[in-house]
1. Show me the strands (runs of 3 or more DSSP E) found entirely inside the range 128-238 where at least 2 residues are within 16 Å of ligand 1 (Cβ to nearest atom) and under 19 Å from the mean Cα position of the chain (by Cα).
2. Taking the criterion of being in contact with a Cys (Cβ under 9 Å, 6 or more places away or on another chain) and in contact (Cβ under 8 Å) with a residue 24 or more places away in the chain, would at least one residue in the range 174-185 satisfy it?
3. Quick check on the range 148-207: of everything there that is acidic (D, E) and modelled with pLDDT of 95 or more, which residue is surrounded by the most Cβ atoms within 10 Å (Cβ to Cβ)?
4. Does A21 meet the test of being surrounded by 16 or more Cβ atoms within 10 Å (Cβ to Cβ), away from ligand 1 (no atom under 14 Å from the Cβ) and among the small types (G, A, S)?
5. What strands (runs of 3 or more DSSP E) completely inside the range 13-103 contain at least 3 residues that are under 16 Å from H118 (Cβ atoms) and within 16 Å of ligand 2 (Cβ to nearest atom)?
6. Among the residues of the range 65-103, how many are within 28 Å of T239 (Cα to Cα) and under 14 Å from the mean Cα position of the chain (by Cα)?
7. Is at least one residue of the range 45-58 under 21 Å from G143 (Cα atoms), away from ligand 1 (no atom under 12 Å from the Cβ), modelled with pLDDT of 95 or more and more than 15 Å from the chain's Cα centre (by Cα)?
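The values are calculated or read from the model by the stated rules, or taken from the named source; none is laboratory data. Since the model is a prediction, treat every value here as computed from it, not as a measurement. As a convention, Cβ positions derive from the backbone with ideal geometry for all residues, glycine included, and neighbour counts pool all protein chains shown.
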Amino acid sequence: MNAVLPQTLSTSSATYPRLWALIPCAGNGSRSGAAGPKQYQPIAGQPMVLYTLAAFAAVSRLAGTLVVVNQADTFFEQQSAMVLVAACGGSTRAQTVLNGLNALREQGAGADDWVLVHDAARCLITPAQINALIDACENDPVGGLLALKLPDTLKQERGGRVAHTVDRADKWLAQTPQMFRLGALQDALQTAGDAVTDESSAMEFMGLQPRLVEGSAQNFKVTYPQDFALAQALLAARTPE
Ligand SMILES: Nc1ccn([C@@H]2O[C@H](COP(=O)(O)OP(=O)(O)OP(=O)(O)O)[C@@H](O)[C@H]2O)c(=O)n1
Ligand SMILES: C[C@](O)(CO)[C@H](O)COP(=O)(O)O
């Protein structure tokens, strides 16, 4: 693995299947308006991605966390975070995740191990939400994802006007983490290709029906310029779990 390794994979005294976290961290944040990658922008005193990693570090049943960054990215060389770092980011999120899964396998992770894929830019994730996803999925034949029921009325647009109102009773917004068996997700991403925007879509492409697990509105993805201020206010107001 082309990697900085502040942590090595621990294979002793582990229970099987193991649970890994994989954090795609190789995006440019082009919609965010930030000068550099949004995941490294300071929020309430520290770079955004460190909040994300702290939440995963607090989940003791995870065997380890792999962060996937771009090849020229030196951010983690100056960090003491206890994570594996693989410098194999791709040109799409799907490619970054697939490269990261391959890197985990090369380091000894098994096809039957679980992997929780989580956006670096969802920095408000909590250990309780991660544990809730694991509890809901660890005995599931497919796996699943955190997601949010639509809080608002949903409109179908045509030419800038409302074509009709869509029934929202069965609609969910996909969040992360998304938890699947490592080998099955490798196969799914390989088959589905680069166009899929989340792991669930790749599994759906294989004919599978991932489990929906209720997430939280606070687990939003920092995407647009105004999202930084909201994340900052929420993180500054938080007391540790
Ligand atoms: N080639 C890519 C693209 C995205 N990501 C990661 O995937 C997560 C969610 O993607 P998104 O919010 O779309 O991030 P960006 O691609 O960075 O943003 P934008 O689409 O606005 O450019 C982020 O943590 C981002 O770093 C990645 O690892 N590799
Ligand atoms: C994976 C994701 O966070 C689920 O909502 C999302 O699809 C990633 O962001 P993108 O804008 O689709 O790249």
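1. 143-149, 172-181
2. Yes, the range 174-185 contains at least one residue that is in contact with a Cys (Cβ under 9 Å, 6 or more places away or on another chain) and in contact (Cβ under 8 Å) with a residue 24 or more places away in the chain.
3. E199
4. no
5. The qualifying strands (runs of 3 or more DSSP E) are 19-24.
6. Qualifying residue count for the region: 3.
7. No, the range 45-58 contains no residue that is under 21 Å from G143 (Cα atoms), away from ligand 1 (no atom under 12 Å from the Cβ), modelled with pLDDT of 95 or more and more than 15 Å from the chain's Cα centre (by Cα).
For (1) more than 17 Å from E214 (Cα to Cα); (2) more than 14 Å from ligand 2 (Cβ to nearest atom), each residue gets a yes or a no:
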position	(1), (2)
L124	no, no
A136	no, yes
L148	no, no
T153	yes, yes
R161	yes, yes
